[in-house]
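For reference, the structure discussed in these notes is given below.
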Amino acid sequence: MPSYFLLAKEKMENYKGTVKDIKKIALDVYKMDISSDLKNSKAGQFISILCPNKTLRRPFSIAGFKNNIVSIIFKLRGEGTKYLADLKKGDSIDFIAPLGNGFDIQNKKSLLIGAGVGIAPMLFLKSELDKCKIENFLISGFKSKEEVIKGSDKTVIGGSVLDNIDKLIEEYKPEVIFSCAPNIVLKMVSELSIKHNIETQITLERLMACSIGVCRGCVIKLNKNGELINASVCKDGPVFKGSEVVW
Ligand SMILES: Cc1cc2nc3c(=O)[nH]c(=O)nc-3n(C[C@H](O)[C@H](O)[C@H](O)COP(=O)(O)OP(=O)(O)OC[C@H]3O[C@@H](n4cnc5c(N)ncnc54)[C@H](O)[C@@H]3O)c2cc1C
Ligand code: FES
């Protein structure tokens, strides 16, 4: 376990990587493996990629890290993700990493909740929990079967990933919940955690200009024991205690 926490200490740097592999894994969703000199990263952290003709880098959660290969899973949205989807094996890629705080992994029975491409950091977290032999269960939700990204213990297709979640919590009895999903789901997960009195760590997404805590464009409000404070999603987060986020 202690070695895991040392991983978080790597200093953020600019890397020139090489696309090791890219494949379509679901409807409009791609997985890209990038080899580089990046030595370490932690589940919940992200990388920020330079896309040609775009002033602002595009942020993506780290979906896996092994032998200096960092993986991302991304959905086609606009020009930046189209550029990424068109890259071929051997192409070079410019990114900054590792960014953000990452999850605070503890030796506690963990329930992981993902939805859509929000499963990306959950897959990395699951592999890290498995490595540390921490009991965990990953449930994820997708709008249709064409959109399913594999790797969960349970997959909900069509309905909400939170349908029957109360029953799952009562039966599985998690000591901590982790989630990455659209804001509406994260808000409900945070309310659930308060209701069941379980610590929850959620990863937030915001449009990011600098991704390194300088522009203050991604600031949110946290309620820390009644005191309202500002926090930047890119540097202080993207992982926050669900119970502290002011929605
Ligand atoms: C910390 C963090 C982690 C992320 N991890 C992932 C990931 O693992 N996989 C993934 O597919 N996406 C992830 N995103 C979202 C991703 O950064 C955007 O989809 C991407 O920047 C879009 O770039 P584009 O040039 O293709 O689209 P743009 O042309 O910039 O935008 C097209 C449309 O995409 C949507 N969009 C753009 N940026 C975001 C954003 N930050 N959040 C939500 N919607 C957005 C908006 O509706 C916009 O109108 C993450 C975002 C953040 C902040
Ligand atoms: S994106 Fe600039 S401070 Fe977060």
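The values are calculated or read from the model by the stated rules, or taken from the named source; none is laboratory data. Computed from a prediction, not measured in an experiment: that's the story for all the values here. Please note: Cβ atoms are built from the backbone with ideal geometry, for glycine as well, and neighbour counts cover all protein chains shown.
Quick check on this structure: which one of 125, 111, 138 is within 11 Å of the chain's Cα centre (by Cα) and at pLDDT 95 or above?
Sole residue among the options that is within 11 Å of the chain's Cα centre (by Cα) and at pLDDT 95 or above: 125.
Restricting to region 211-244, what's the tally of residues that are within 14 Å of ligand 2 (Cβ to nearest atom), touching a residue at least 40 places away in the same chain (Cβ under 8 Å) and over 17 Å from residue 118 (Cα atoms)?
So the count comes out to 4.
Considering only region 206-224, state which residues are exposed (fewer than 14 other Cβ atoms within 10 Å of the Cβ) and over 18 Å from residue 51 (Cβ atoms).
The answer is 214, 216, 221, 223, 224.
Enumerate the pairs (first residue in region 106-117 and within 16 Å of residue 203 (Cβ to Cβ); second residue anywhere and of a type in the set (Lys, Arg) and surrounded by fewer than 21 Cβ atoms within 10 Å (Cβ to Cβ)) with beta-carbon separation below 8 Å, excluding pairs fewer than 6 apart on the same chain, so at least 6 apart or on different chains.
Short answer, once both residue conditions are applied: 116/75; 116/143; 117/75.
Select from region 99-148 the residues that are among the hydroxyl-bearing types (Ser, Thr, Tyr) and not in a strand (DSSP E or B) and list them in ascending order.
127, 144 - these are the residues of region 99-148 that are among the hydroxyl-bearing types (Ser, Thr, Tyr) and not in a strand (DSSP E or B).
When you scan region 181-193, do you find a residue that is part of a strand (DSSP E or B) and either more than 28 Å from residue 13 (Cα to Cα) or within 16 Å of ligand 2 (Cβ to nearest atom) (or both), even just one?
no
Are any of the residues in region 39-46 among the aromatic types (Phe, Trp, Tyr), within 16 Å of ligand 2 (Cβ to nearest atom) and surrounded by 15 or more Cβ atoms within 10 Å (Cβ to Cβ)?
Yes, there is a match, as at least one residue in region 39-46 is among the aromatic types (Phe, Trp, Tyr), within 16 Å of ligand 2 (Cβ to nearest atom) and surrounded by 15 or more Cβ atoms within 10 Å (Cβ to Cβ).
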